[in-house]
Amino acid sequence: MKAQIDENLPPALARALNVLVAVDGHEVVHVTDYARGAPDLELFRRAIEDGVRVHITQDHHYRRPVEREAITRLGLTVFVLAKGWNHLGHYDRAARLIEYWPKIATTSENFEAGSIFRIPPRRNGKLELIKR
């Protein structure tokens, strides 16, 4: 599975996560690697063309109908970092994302493409399905 980290999160986070998940055959890229500054709809299209199936962000795409429709139509699975992640320090944010990775990978394989989930900031939380 190929995932991307949105521009609102640091590129170093994508690079660090990529090293860890590569062991399981996954890949994580940062959107600035190929779509710096692209509007979200263009970013989603480019992601799918590049083989990305998972988008991890702090943006609340599920609030905008046009973005929800594009996510569904393109078959991109989105994981939104819930309110509270932005208060975590750099290392805590990275550690939590690493902890959640197995749930992200399993969920993206077991749910219909185009779904949107919220990831809570607390450790060992449950992913919340926002939109199927």
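The values are calculated or read from the model by the stated rules, or taken from the named source; none is laboratory data. Nothing here was measured: the structure is a model prediction, and the numbers come from that model. Positions of Cβ are generated from backbone atoms using ideal geometry, with glycine treated the same way; all protein chains shown enter the neighbour counts.
Observations on the model:
- Test: residue in the range 89-111 that is within 14 Å of the chain's Cα centre (by Cα), more than 25 Å from ARG15 (Cβ to Cβ), modelled with pLDDT of 90 or more and not β-branched (Val, Ile, Thr): no
- Extreme residue, surrounded by the fewest Cβ atoms within 10 Å (Cβ to Cβ), among residues of the range 5-60 that are of a type in the set (Asp, Glu) and over 27 Å from PRO120 (Cβ atoms): GLU49
- The range 61-82, subset charged (D, E, K, R) and either under 14 Å from the mean Cα position of the chain (by Cα) or surrounded by fewer than 16 Cβ atoms within 10 Å (Cβ to Cβ) (or both), residue modelled with the lowest pLDDT: ARG63
- Of residues in the range 83-97 being touching a Lys or Arg at 6+ places or on another chain (Cβ under 7 Å) and surrounded by 17 or more Cβ atoms within 10 Å (Cβ to Cβ), the one nearest to LEU17 (Cα to Cα): ARG96
- Qualifying residue in the range 111-129 (condition: part of a strand (DSSP E or B), in contact with a Lys or Arg (Cβ under 8 Å, 6 or more places away or on another chain) and over 20 Å from MET1 (Cβ atoms)): yes
Residue-by-condition table, conditions (1) touching a Ser or Thr at 6+ places or on another chain (Cβ under 9 Å); (2) among the charged types (D, E, K, R); (3) in contact (Cβ under 8 Å) with a residue 60 or more places away in the chain; (4) closer than 23 Å to ARG63 by Cα:
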position	(1), (2), (3), (4)
TYR91	no, no, no, no
ALA94	no, no, yes, no
THR106	no, no, no, no
PHE111	yes, no, no, yes
GLY114	yes, no, no, yes
PHE117	yes, no, no, yes
ARG123	no, yes, no, no
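- Residue list for the range 42-81, filter: part of a loop (DSSP other than H, G, I, E, B), free of Cβ contacts under 8 Å to residues at least 60 places away in the same chain and closer than 15 Å to ILE5 by Cα: ASP50, GLY51, VAL52, GLN58, ASP59, HIS60, LEU76
- A residue that is more than 11 Å from the chain's Cα centre (by Cα), in contact (Cβ under 8 Å) with a residue 12 or more places away in the chain, within 17 Å of ILE104 (Cα to Cα) and assigned to a loop (DSSP other than H, G, I, E, B) cannot be found anywhere in the range 2-23.
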